Structure formats: C-alpha cells, structure tokens
Amino acid sequence: RQEANASNLTKQAESQLARTADVALAQMQQKTPQIAQNLKQAAQASQSKPQAQALQTAANAQQQTAQALEQLAQNMQKVEDGQQLTATEQAAMQQMEQELGVQEPLDEAYERAKQLAEMAQDATQNPQAVLEALEKELPKNQSMQRALAETAQTTAQQAEHAVAQETQQAVQNGMAQKQAASDLARVSRHQQRLGDKEAAEQVAQASNQLQQAGQQAEATQANPVPNPQVAQQSLAKAAQAAKAAEATASKTSPAMLASPLEQLQGQMLAQALDQLDAQLHPMQGNQQQNGQQQQQSQGGKPEGGQQSAQQSLSDAQQAQQQSMADSRNQGQAPGQKPSQQQAQNNKQQGQNSQAQSAEGGNQSTQLQDGVLGQGTILVKGDWGHLPQKMADDLTEATRSEAAPDNHGHIRKRNLDRLFVHYIHLVLRFVGTRNDCRFSTFR
C-alpha cells in the first residue's frame, strides 16, 4: 500500500509498480476471509480429521496465494530495477486481475490518472483540444457540472458588481462594460454546455448590449459626455444576467454520492474549462495584444491562462491519485465503487478530507496496522488467539528437522510451513516491521 500510494502515476515505471502492488493487495484481500474461516474451523475442531481437513483447505489457499504473491514480488523487483516485464509476465498479471475481478476498475482508475496527466501537459500546447475534451467530460461528471454552474454564477455576480461601480462614475470609459460583456459571454457558453439554452440566450443578449455600451463610451472618450440612462441600462442587463446564472446554478443538482476527492476533482476540471475558455475567447479589442502574447509564448513560457489551466488539471490528477490511495486504505482496489452507505459516510467526512497520513490517502479512512479490509492479519508483539497447540505447531513448522516417528506430523509441518511462508509474504507486502509477529484472523 505504501509503495502504491507513494508512486508518481505520471511516470510509466512507477504506475506499473503501483498497479502490481494493487493486484497483490487484492490477492491478499480476497484470500484472507477464506483462510481465516478455515483456521477458525481448525481451531474449533475437537477431532483430528476435521481439523486436518480445515488445515488442508487453508494450506491450499495459502499455497496459491504465496505463489501469486511471489510472482508479483518478482515483477515489482524487476520494475524497481528498471527492467520491462515480459509479455508472458504481463499476460499472467492480466489473468490474475481478471480472476480477482479487479481488471476493469484498475483499468478505469489508471486510465483516468493518465488522461488527466496528458491533458495537463497538452494545456500549453493544444488548449483547444483540451477544452473539447473537458466539454466531452462535462455531461458525464455531475460534480464538474455543479462546479461549472457555480463558477458561472460567481462570474456573473462579479460582472454585475464591476458595472455597478462603473455607473457610479460621472463619466464611463467603457472598460467595465466591455470586460463584463466578455465575462458574460463566457457565462453564456457555460450555460449552453450545461444545457440551459434559455438562460444562455438571455445572458448572451446582455453581453451584446454591454459590449455596445462599452464601445459607445470608448468612442466618446475624447469628448466624454455623461449618459446616466445608458449606465442604468447596463447595470440592469448585468443584474438580469446574474439572476439567470443564479437560476442555472440552482437547477444544477449536486453530486450526492460523490466522495470529497471526486468533488474536488470536478471543481478542478470545471476551473480548467473556465480558464481555457477565457484564454481562447479574449475580450474584444484585445485580440491583437493576445495574438502577440501567443507568438511570444510559442518561443518562451506559456501564457498565464495556459499555466492556470495546466495547474488546475495537475490538481485534478493529484485528486485522482489521492482518491486511489483512499480506496487502498479502505481495503478496495482503485476504481472499485464503494457501497451507497460508504459513499454517504465519505460525504459526511468531507470536512476532514484534507488530513493526510504519511502513507498518503485520507487519514480518516486509513487502515490500522495489521488490518487489511475486514480481516485482521497482524498484532504487534503478540501471537494472538491461536490455541497453544496450534501455535506450537506453527513454531515447530519453521524448524529444519522433522519429527522422525510421525509421517503425518511431517505432512502437517509442511502444510504449516506454507502458511508461515504466506504470512511472511503478507508482512512483506503490507510493509510491517520485524517486531510484528503472526496473529490469527479475527
């Protein structure tokens, strides 16, 4: 879990390492209940035959898990050493993912992280393509829809405030009206994207009238004449647009079952869409200046709008990676959907979503030491709750010499050795310290 949470998913090798660790966690998570049940049955059995059968079943599961984890450990070591996995090794891991039922959610989670990283990179090179990709994402992302509607509302309110301040001046130079017109045109485009065509048309009309008022005021700067009637009309149109944007926001439903990190990701994507739209649709009269800035940016640093959108998309990618870490800390594979109750709990814990652990992930959902999902694996400094005879047998199983007078005991020792081998592998993957010793599953 630590390896996966600390990985930088924008780097292919670290992404592959994290995914291998995710498969290992899923392997342990799914095998733990079966082994726990068999051990419990063995511990409770009063006769030797049922106990042996339960131990045999547990040993078989342990052996399969040990082999799978050993292969995954070898894969991780190769990746850490900078080597590529062979086609056979990749096929074996894909087969393991399919058998565990985690291939689809892992594909979705890792593809999402990759997609967001690529959009962040492309924001400076091809902002139009990234904007179109975000527009395609919008209908599928309720958190993003809500955030974009709120952004449009805030922008319209700010435009109204700027026009109101301008109307208090005896003479207007037109800049406030023109800027408000540009901002409201962007609000109108957002409303179109959100499917509120009626409000979009209303705000677009207000934008056009403010643009005309601004141009008229600008044309009379040489001989400025107060025109309170035009100023009041501009303010009325700006206020009308702000109300329309507020109505759009009120009609946009919040994502009720989205986790805090999913909501944050939606906010960052909406913010990036707004920033790219503003960059690609500059205020009228500033096109020439923006064209010169764009030419300069091609040979130097990106423009401010590009940098802002790139940062927002990078933040969205980090939210995706953090969401994957939280899934691991809750005992799930990244991409797996939590139950409705879990989603509601996540929503209630939203205020604490920024608390981070040293391993990564939401501290409020981080697993305790020795806990993998619902199965307790380790307890520090204690052999736990095994009956004394079984604990002694497990200790004996690690010794090199067999009891010479009991063939059945040798067989049992070999089965127990497999179990101990599995536990050592579990310890290796969950990253516990050497002073942790085995305890039975609760």
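The values are calculated or read from the model by the stated rules, or taken from the named source; none is laboratory data. Just so you know, these numbers come straight off a predicted model, no measurement behind them. Ideal geometry is used to build each Cβ from the backbone, glycine not excepted, and the neighbour counts take in all protein chains shown.
Some observations on this one:
- Across the stretch 209-249, the qualifying residues are those that are under 18 Å from A164 (Cβ atoms) and among the polar types (S, T, N, Q), and the one among them that is modelled with the lowest pLDDT is N227.
- Subset of the stretch 78-97 [in a helix (DSSP H, G or I) and either without any contact (Cβ under 8 Å) to a residue 12 or more places away in the chain or aliphatic (A, V, I, L, M) (or both)]: K78, V79, A87, T88, Q90, A91, A92, M93, Q94, Q95, M96
- Every residue from the stretch 9-36 that is part of a helix (DSSP H, G or I), basic (K, R) and within 27 Å of A117 (Cβ to Cβ): R19
- So S314, is it at pLDDT below 95 and assigned to a helix (DSSP H, G or I): no
- Residues in the stretch 245-256 that are assigned to a helix (DSSP H, G or I), touching a residue at least 40 places away in the same chain (Cβ under 8 Å) and surrounded by fewer than 24 Cβ atoms within 10 Å (Cβ to Cβ): E246, A247, A249, K251.
- Taking the conditions (1) over 13 Å from A241 (Cα atoms); (2) assigned to a helix (DSSP H, G or I); (3) among the polar types (S, T, N, Q) in turn, Q205 satisfies each one other than (1).
- Restricting attention to the stretch 173-217 and to residues that are farther than 19 Å from L134 by Cα and acidic (D, E), the residue that is surrounded by the most Cβ atoms within 10 Å (Cβ to Cβ) turns out to be D183.
- Residue within the stretch 147-170 that is more than 17 Å from the chain's Cα centre (by Cα), of a type in the set (S, T, N, Q) and outside any helix (DSSP H, G or I) present: yes
- Residue pairs whose Cβ atoms lie under 9 Å apart, sitting 6 or more positions apart in sequence or on different chains, and linking a residue in the stretch 12-24 that is modelled with pLDDT of 85 or more to a partner that is surrounded by 24 or more Cβ atoms within 10 Å (Cβ to Cβ) and of a type in the set (K, R), are A21/R328; D22/R328.
- Single unsatisfied condition, D326 versus (1) modelled with pLDDT of 95 or more; (2) acidic (D, E); (3) over 28 Å from Q211 (Cα atoms): (1)
- Every listed requirement among (1) buried (at least 16 other Cβ atoms within 10 Å of the Cβ); (2) assigned to a loop (DSSP other than H, G, I, E, B) is met by P224 save one, (1).
- Q125 passes every criterion in (1) without any contact (Cβ under 8 Å) to a residue 40 or more places away in the chain; (2) assigned to a helix (DSSP H, G or I) apart from (2).
- Single residue of Q30, Q84, Q98 found to be loosely packed, with under 14 Cβ neighbours inside 10 Å and closer than 18 Å to P334 by Cα: Q98
- Against the list (1) in contact with a helix residue (DSSP H, G or I) (Cβ under 6 Å, 6 or more places away or on another chain); (2) buried (at least 19 other Cβ atoms within 10 Å of the Cβ); (3) outside the structural domain of S250 (by TED's automatic domain parsing), the condition M144 fails is (3).
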